[in-house]
Amino acid sequence: MNTRLLPAIILWLCCALTTSAQTPATANASPHLTAIKAGRLLDVDAGKELRNQVILIRDNRITAVGEALEIPTGAIVIDLSAMTVLPGLIDCHTHLADGARDPSGDPLTYLKRTAAEVALESVPNARLTLESGFTTVRDVGVYRALTDIALRDAIARGDIPGPRMYVAGAYVTITGGAGALTGAAPDIQLPWDLRYGQADGPWQVRAVIRKLANNGVDHIKILSSGAVLEHGSNPNSQEFTMEELRAAVEEAQSFGLRVEAHAHSTQGIKNAILAGVASVEHASMIDDEGIALAKQHGTYLDMDIYDEECIEDEARHGAIPADFIQHDAALGQLQRDNFRKAVAAGAKMSFGTDAGVCPYGIAARQFAFMVQYGMTPLQAIQAATKSAADLLGHSDVLGSIKPGKYADIIAVQNDPLQDVHALENVSFVMKDGKVYKQN
Ligand SMILES: [Zn+2]
């Protein structure tokens with residue numbers, strides 16, 4: 001043992017003992033007991049639907065699930081016996097903290113709003129997401145750096161309603177790349193938080209990740225290829241080199257953080273997988289070799305195959321810059337066809353919508369598209385529960401209705417295994433044992 005550490009260890013032990021000694025005094029309040037009667041309950045781990053189940057909840061955790069369980073005296077009983085009960089949904093690709101969606105669709109409008117405005121505009125984004133049945137999100141980047149941390153923490157404190165957020169803090173991007181705020185004149189000096197994640201070369205990449213880790217992010221978002229919704233970017237291009245991507249994954253790992261990589265281009269996808277990222281976002285131009293690599297490395301593909309509907313709709317109304325439409329041409333259908341191939345090949349698939357491209361609160365519309373492009377309804381639901389929890393690294397507390405996990409529970413009127421559109425109208429939402437919606 002390093003003896004120089006001894007005083008610190010003794011101090012820690014003292015604090016730990018003091019804290020536990022104080023616990024009984026502060027934990028006198030009686031536990032909050034809830035029992036949910038579920039007519040149908042979807043066990044996403046076993047892949048089957050159970051009938052007439054009872055879920056027992058103590059404070060924010062599930063304690064027992066089964067048929068004809070005895071309901072403890074004093075428990076609040078919630079009767080969902082006419083509904084299908086599922087674990088809270090998880091969207092692995094959102095941008096909740098980017099403020100209100102601007103009618104022009106141009107990121108340059110961030111220059112007209114302060115960080116405080118953007119953060120406060122994001123409050124309804126969080127509420128709409130939660131009320132639509134998504135109790136957890138992996139939020140994968142913001143233009144105004146660290147607004148997502150503020151939103152995450154405000155939700156966690158209970159100041160505002162919203163899903164449990166796991167956040168990236170900023171985009172790690174090359175200068176002028178897919179995650180940079182581009183399109184301003186070269187002599188405009190952007191404020192620090194609009195260029196926070198720009199990095200060129202492995203050591204700058206590592207430096208940015210060190211800052212983000214210190215700021216308290218939950219994962220790292222790196223931009224491997226160019227983007228659609230960016231000026232001067234091109235989804236066909238590679239941006240970070242292999243050397244930079246490897247440095248990012250290695251540096252993130254040293255802080256216990258996983259990395260997700262935005263990648264549209266065929267080579268950008270392969271580079272990210274080979275560098276060891278946990279998931280590839282979009283994966284639009286993935287080819288057979290890329291799918292095989294993803295399988296081999298156990299990399300999740302997080303493909304946002306619904307939002308093309310919103311991009312096309314906005315293009316029809318002139319609500320998207322012309323160069324963005326040009327980037328998007330043919331990419332939407334190609335991504336959907338490649339999604340079908342990846343599903344057929346048995347690649348790991350998660351549920352991510354790029355919420356913010358479409359209005360907040362309609363992410364569940366993607367389920368029907370996932371079924372249309374090759375998944376069973378059960379597989380699509382597993383992508384947004386069991387698999388999403390695995391991708392986050394939190395299967396111990398998220399992703400299914402099991403004892404020990406957070407009481408994140410939703411219910412719908414019909415049976416989503418018969419008609420997956422049922423998920424578009426969620427009647428009941430509980431997060432952390434607290435009811436946020438009950439129709
Ligand atoms: Zn995105």
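Things worth noting here:
- Each residue in region 96-150 was checked for being of a type in the set (A, V, I, L, M, F, W, C), in contact (Cβ under 8 Å) with a residue 24 or more places away in the chain, open to solvent by 10 Å² or more (accessible area, probe 1.4 Å) and assigned to a helix (DSSP H, G or I), and 8 pass.
- Test: residue in region 151-159 that is closer than 22 Å to HIS262 by Cα and touching a residue at least 12 places away in the same chain (Cβ under 8 Å): yes
- Positions within region 119-143 being within 16 Å of the ligand (Cβ to nearest atom) and modelled with pLDDT of 95 or more, in sequence order: SER122, ASN125, THR129, PHE134, VAL137, ARG138, ASP139, VAL140, GLY141, VAL142
- Test: residue in region 284-291 that is surrounded by fewer than 24 Cβ atoms within 10 Å (Cβ to Cβ) and touching an Asp or Glu at 6+ places or on another chain (Cβ under 7 Å): no
- Within region 286-336, the residues that satisfy the criterion of being among the hydrophobic types (A, V, I, L, M, F, W, C), closer than 23 Å to GLY183 by Cα and assigned to a helix (DSSP H, G or I) are CYS310, ILE311, ALA315, ALA322, PHE324, ILE325, LEU331.
- Residue check, VAL277 within 16 Å of the ligand (Cβ to nearest atom), crowded, with 24+ Cβ neighbours inside 10 Å and not in a loop (DSSP other than H, G, I, E, B): no
- Filter result for ALA364 (open to solvent by less than 10 Å² (accessible area, probe 1.4 Å), more than 16 Å from the ligand (Cβ to nearest atom) and over 29 Å from ARG101 (Cβ atoms)): no
The values are calculated or read from the model by the stated rules, or taken from the named source; none is laboratory data. Values in this document were obtained by computation on a predicted structure and should not be read as measured data. Methodologically, a virtual Cβ is constructed for each residue, glycine included, from the backbone with ideal geometry; neighbour enumeration extends over all protein chains shown. Protein only, heavy atoms only, side chains kept; ligands, DNA and RNA dropped before computing areas. Shrake-Rupley method; radii C 1.70, N 1.55, O 1.52, S 1.80 Å.
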